[in-house]
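So the structure is just underneath, and the comments pick up after that.
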Amino acid sequence: MSSTGYNSQNGGSGPPYSNGPVQGSLMYSPALASQGYNSVLPGSYPPQIPAKATQHPGHGQQNSSVPQTVPQLDGLQTVHRLSGPQNFPQLSNYPVSGQTFNRPPMGHTQVASSQHTGARPRMPSPPQNTAGEPAPADSNASQGNVHLQSNWQYFSKPQPFANHIYSSAGSISGQPSLQSNANQPTTRQYVTPFGGPPLQNSFMSQEDKMSLEIEEDASSYQFAWSKLVKETGERANSAPPGSDSSLHNSYDTIEGGGYMPSINNLASSVGGLSLHHSQQLDGLRALNLLQERNILPPTPLKAPTPCLLEDIQKLNCNPELFRCTLTNIPQTQVLLNKAKLPLGLLLHPFKDLSQLPVVTSSTIVRCRSCRTYINPFVSFLDQRRWKCNLCYRVNDVPEEFMYNPVTRAYGEPHKRPEVQNATIEFMAPSEYMLRPPQPPVYLFMLDVSHNALETSYLNTVCQTLLENLDWLPGNTRTKIGFITFDSTIHFYSLQEGLSQPQMLVVSDIDDVFIPMPENLLVNLNECKELVQDLLKNLPQMFTKSSETQSALGPALQAAFKLTSPTGGRITVFQTQLPSLGAGALKPREEPNQKSSAKEIHNLTPSTDFYKKLALDCSGQQISVDLFLLSGRYSDLASLGCISRYSAGSVYYYRSYHTQHNPVQVEKLQKELKRYLTRKIGFEAVMRIRCTRGLSIHTFHGNFFVRSTDLLSLPNVNPDAGYAVQMSVEENLTDTPVVSFQSALLYTSSKGERRIRVHTMCLPVVSAVSDVYAGADAQAITGLLANMAVDRSITSSLSDARDALVNAVIDSLSAYRSSVLTVQQPGLLAPHSLRLLPMFVLALLKQKAFQTGTNASLDERIFAMCQIKNQPLLYLLLMIHSNLYRVDNLTDEGALDFNDRTIPQPTILQLSVEKLNRDGAYLMDAGSILIIWVGRNCGQNFFTQVLGVANYETMPVEMNRLPELDTAESARAIAFISWLREQRPFFPTLHIIRDENPLKTAFTQNMIEDRTESALSYYEFLLHLQQQVNK
């Protein structure tokens, strides 16, 4: 891949710094280049990226009967337009915030050509009548005269000439070999063979002593940290000021980028792949969605199970940690293009786990070539040799690895914990350290302007900090410090021996300096009394201040200087738009934008100050977390960059006020407590590896890509999720399975260097029908959501919405044309994708992408931030809410959880048709819980659960359930408490009547019903049918 700008790879869309044309950001299109869509790449951080092999000159060219190009979500392209030849750039050719990198391809490439058949019009607006009933079948007849054709075309990824074999259907066969091990038998069978029993692990007895080798592969990717591009266009390859470039280089070497050799033959013969017949039939079973409308299951959806042998599948990684959009991996890129489904991974690598095997051995066994950690899916050729499941190299088994610490037996390396657990954590030896582990450093920055004092947030923050000081992750080395700011910056000396904290004021915000730096970050254990004294007095120290300005930028610069020597975490509390000094912002929200039904502007940062500072922080192992508490526009699009590129988190509390909005106060208390006490990893890096032939090219989440595929995470927390997009770069005809492995190297709060490894194994298929059989609709939705956020920011919201719709149209069109043998009327979908149209419609109505709404610009940006940073489990709940009836909870089918009985009501469809005024219904929308009580609800619910006499005496809104001594009250409280405990954020509870304004929010989550600006689910299906059946 040609060098592209760090600003592109890391989501920049700021000032027009040019790093040259985009070539191969995912799929490069000369056709689009001629239309001017890749002229320059905005960016300010030029990378040093290994160049990819030259692509075929015809790669990505499009032939179309209509001079149109349509928006795509990274390899998926189409659009709906009603009139006029228009040009719409591909998403992949924009500088997306999903960070795009490719490993160097293995050898020469050849490319299959792409064909376009025409353009589609944009999805129609809904009819003006807004009744909740489904539209008749001819409701879209007004558009029947528009000739529409499917033209979503995946561009082929470069394919190697070697092994360029295409199999049309059925099975995989082959007899790969490696000269040095040509006669070695396969020792582990992963998928069901066509005949005979599965092969078992076998061992050949050898008593030879093996030398201990854990040295790192020297041929890792080279990393070069690039300085910021100055406005003059100068570029420098030296390290950022104050940093050690050798330190950054060494991180890549320590984790071991590894070079995957181009091995065209494997060391063992493999059998063909045949999917279990029942699973294949169920995943492919065609459903007419227009007739099967009640398809939402009554219980939470489970991730599909890969079609592997049972003894292999039971070792696979938990899908909550590692999940693929396709549980059957297509054998070639051509097959992936034919299926028109996105291939990607969704990760939750640092999730809190109740059981996590930890290996303390000094020997960490890794492949000598690609640096893969030994895992359950490697093959043992005998007791002394194992074959890597990613690059197929045969490695020696170290002598120490022959002993199993669990069974205390010798000679059983295949039974060690590393080979029996897909998720495992290693205690890293000194070779994995570039410096002594950094101490936990926590610096708190507090806005004390007049606007901040009006909200009284300082009382909540300081009190919560006081209560949780002893629970901050760390040890005797933990350091803490405080900075407050308005138009000036206030430091606090907490030197041991002082009778009270000393405030030091710096009024020169144009040239910030650190007074007495040795006393501003102090040891928490040694100075705890001074810290407590400061937190008790801080809320009253500025009560008489009338300063309305905010110098956030200079305060951040000061915080960066203070924490640079050690690294650590900066926590910022901000209540308004920064108005002074570096990073000052101006209001950009347009007065009429809230009601705009077409385009939303100002989704991109207005300055690159916060991104540049974030990259400086990342280079010094500093992460910045932002708590924004504001009822007015604060330009979160710009401020959020400080957290995004430093691997931080963003919290947003709209209209926070202690008296006027007490619900938000409780939310801040709970979430801040979780934030302060949750596990944390410092100076972390993460790399994702995959079997040779697969390529990872785009990353989504909060981080900075330090080298081609090494993610820099100054802090890593258990509530962060990540996503990556992938392609098939070389044909997978020689292997029945592929594997994916993520490795997270971090320093614990106790000062231990650790490596958390997750490994997932999936089967390879050669028939497009098998690809559909293994499609994961939830994971696909999560990946599409991340891609759509990038599309919204780099292009426009309408193009992102169009591309989401086309993701459904083209996958169902491909299924209809490639899999169905008998063409039938209706909208047919495979059982595996039956919920995809519903999820995409929910995504279109989600705050990040909806139009014609009163959502503020900051609310929309925050919704996008959540999509990019939430693990899939929580993201899905924010996209598609769960609706329960709660006035008749019973213990039937209840869940036993921590010695409590938790009712499990059925999940209802999100339509007002499912509501009854005789009941009470709970809408779980992730960050908010709304219980709507019907006017005619049973008397028992009012008295036994709500503690009121009847509907008339019920308050317009309640925010908590009273604890009554009744079975009905206990069940309701247990259920709501359980829902809250299942997520890292605190959802607020609102119990409402018809008169409450929140009734609108309740009904807006009914995604199957029509709104003023969006189609109902039935109308959406009719629109899809119109496009698919062309």
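Any read-out appearing in this document is the output of simple, stated calculations on the displayed coordinates, not a laboratory observation. Remember, predicted model here, so these are calculated numbers, not experimental data. Neighbour counts are summed over all protein chains in view; Cβ atoms, including those assigned to glycine, are modelled from backbone coordinates with ideal geometry.
Put simply, when 989-1000, 748-759 are sorted by average Cβ atoms within 10 angstrom per residue, most first, you get 748-759, 989-1000. About its Cα centre, how strong a charge dipole does the range 549-648 have in debye, to the nearest 20, once Lys and Arg get +1 and Asp and Glu get -1 at the Cβ? Dipole of the range 549-648, to the nearest 20 debye: 20 debye.
Computed from the C-beta positions of T548 and H601, the FRET efficiency with R₀ = 30 Å rounds to 0.65.
The mean sequence separation of alpha-carbon pairs under 8 Å and at least six residues apart, normalised by the residue count of the range 433-577, gives a relative contact order of 38 percent. A compact globular protein would have a Cα radius of gyration near 2.2 N^0.38 Å; the ratio found for the range 748-816 is 1.65. Scoring 417-424, 906-913, 406-413 by mean Cβ neighbours within 10 Å over their residues and listing the highest first yields 417-424, 906-913, 406-413. Applying 1/(1 + (r/R0)^6) with R0 = 41 Å to the Cβ-Cβ distance of K561 and A1001 gives a FRET efficiency near 0.40. Under the simplified labelling scheme, the N294-Q495 pair shows an inter-label distance of 7.6 nm, with each label point 7 Å from Cα along Cα→Cβ.
If you stretched the chain out fully between Q540 and Q659, how much longer would it get, using 0.36 nm times the residue separation minus the C-alpha to C-alpha distance?
Result for the pair: 41.1 nm of gain on full extension.
Taken along the Cα-to-beta-carbon direction at a fixed 7 Å, the label points for N959 and R588 span 3.2 nm. Take the Cα of W978, step 7 Å along the line toward its Cβ, and report every residue of the range 298-322 whose backbone nitrogen sits under 15 Å from that point. It comes to 299-301, nothing else. Placing one equal scatterer on every Cα of the range 468-624 and applying the Debye formula, the log10 ratio I(q)/I(0) at q = 0.09, 0.12, 0.13 Å⁻¹ is -0.36, -0.61, -0.70. Loop-resident trypsin sites (Lys or Arg not before Pro) (DSSP state other than H, G, I, E or B) in the range 492-600 with no more than 11 further Cβ atoms inside 10 Å of their Cβ: K544, K598. Taking 0.36 nm per residue of sequence separation and removing the Cα-Cα distance, the E320/V358 pair yields an extension gain of 11.7 nm. For the range 622-706, the relative contact order is 32 percent, taking Cα pairs closer than 8 Å that sit 6 or more residues apart in sequence and dividing their mean separation by the residue count.
Once both labels are positioned 7 Å from their Cα atoms along Cα-to-Cβ, the gap between D470 and S817 label points is 6.8 nm. For the range 412-507, rounded, prolate or oblate, judged on the Cα gyration tensor with a ≥ b ≥ c (square roots of eigenvalues), a/c < 1.5 rounded, else prolate if a/b > b/c? Note, shape of the range 412-507 comes out prolate.
Sorting the segments 290-303, 512-525, 338-351, 374-387 by their residues' average number of neighbouring beta-carbon atoms within 10 angstrom, most packed first, yields 338-351, 374-387, 512-525, 290-303. Stretching the chain fully between K302 and E526 yields a gain of 75.7 nm (0.36 nm per residue, less the alpha carbon separation). Measuring between their Cα centroids, the range 281-325 and the range 895-912 lie 21 Å from each other.
Derived from the Cα gyration tensor, the three semi-axes of the equivalent ellipsoid of the range 678-779 are 30, 14, 13 Å, largest first.
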